[in-house]
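The values are calculated or read from the model by the stated rules, or taken from the named source; none is laboratory data. A quick note: this is a predicted structure, and the numbers were derived from the prediction, not measured. Glycine also receives a Cβ, built like all others from the backbone with ideal geometry; neighbour counts cover every protein chain displayed. The accessibility values were calculated without ligands, DNA or RNA, using every heavy atom of the protein model including side chains. Shrake-Rupley method; radii C 1.70, N 1.55, O 1.52, S 1.80 Å.
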Amino acid sequence: MRSLFPVTDLTTTGPAAPDREWSLDELAEAYAYPAELTADPSAGLAAGTPWLRANMVSTLDGAAQHDGRSQPISCAADMRIFGTLRGLADVVIAGAETVRLEGYRPARAREAFAARRAAAGQGPAPAVAVVTGSMDLDFSLPLFTEPLVPTLVLTGAGAPADRIAAARKAGAEVVIAGDGARVDPARAVRELAGRGLTRQLTEGGPRLLGQFVAAGVLDELCLTISPMLTAGDAQRIAGGPGVAVPERFFLASLLEEAGFLFTRYRRTDS
């Protein structure tokens with residue numbers, strides 16, 4: 001990373017930071033969750049208030065994907081931040097379509113975050129939680145059969161019973177987070193927090209992020225702005241019905257490398 005601008009220093013005109021790569025420890029400090037969160041309800045404490053952050057990438061003209069995937073508009077530094085955000089989270093939440101398109105695999109334990117996670121009372125790796133109403137997932141994939149931490153499947157009470165049984169047979173933990181066939185985004189956040197998973201990270205896709213935005217439960221957006229133009233009709237980072245009144249977020253930090261901007265916005269009341 002070439003430069004890190006805390007929000008209070010955005011107008012500074014001093015010399016640029018040295019041209020060097022930020023360490024994972026520095027990135028972990030820059031992207032730390034609020035210190036008051038607790039991820040260990042077994043300690044006799046309340047499960048704590050959840051903090052939901054999203055990590056997305058967008059081109060200059062608003063495309064969140066190219067040819068259906070985010071990787072072509074990303075970069076090495078973006079992937080380092082991607083790994084850092086996962087290394088700090090209790091749970092990674094993704095929609096079923098994103099799991100299919102991006103070829104999701106289980107989150108892995110990383111030595112670089114081991115001490116930090118242990119000190120925070122976290123397990124060796126975050127759980128992955130897949131949001132699906134239809135349960136249209138391949139439960140023979142490693143995400144379900146080989147996770148370090150059991151994968152969670154968030155679905156509605158009206159989901160097909162045979163698919164729920166197949167998920168459980170594969171070793172996944174099924175979490176009911178809706179009264180009908182669909183998942184209630186706010187309830188999904190609460191259900192995860194009730195399991196001690198308060199440091200929450202969603203990686204989309206756009207439809208799921210749009211649902212979290214509409215439900216008013218997104219606390220923070222980590223958005224990479226890619227210096228690329230794609231045109232076309234690719235999705236934005238958030239899709240679905242619009243909100244009645246736009247919600248204001250404030251800029252918490254800004255990093256830059258090779259024209260990529262790595263922004264972090266927080267909701268004004270968080």
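What share of Cα pairs, in percent, lie more than 21 angstrom apart in the range 143-238? Here the tail beyond 21 Å accounts for 45 percent of pairs.
Per residue of the chain, the DSSP helices (runs of n ≥ 4 H) give a summed -39500 (n - 2.57) that works out to -7000 deg cm²/dmol at 222 nm.
Note on Leu261 and Glu111: the model spin-label points, each 7 Å out from Cα along the C-beta direction, lie 3.8 nm apart. Summing +1 for each Lys or Arg and -1 for each Asp or Glu among the other residues whose beta-carbon sits under 9 angstrom from that of Phe250 gives +3. In nm, to one decimal, how far is the Ser140 label point from the Lys169 one, both placed 7 Å along Cα→Cβ? It works out to 1.2 nm between the two label points. Extending 7 Å from Cα along the Cβ direction at Ala118 and again at Leu229 yields two label points whose distance is 5.2 nm. Kirkwood analysis of the Cα pair distances in the range 51-113 returns a hydrodynamic radius of 13.1 Å.
Based on the alpha carbons, how large is the Rg to Rh ratio for the chain when Rh follows Kirkwood?
0.96
Between amide H atoms placed 1.01 Å from N, distances below 5 Å from Ser253 occur with Arg264, all of them 5 or more places distant or on a separate chain. Expressed as a whole percent, the accessible area of the chain that falls on carbon and sulfur atoms is 55 (1.4 Å probe).
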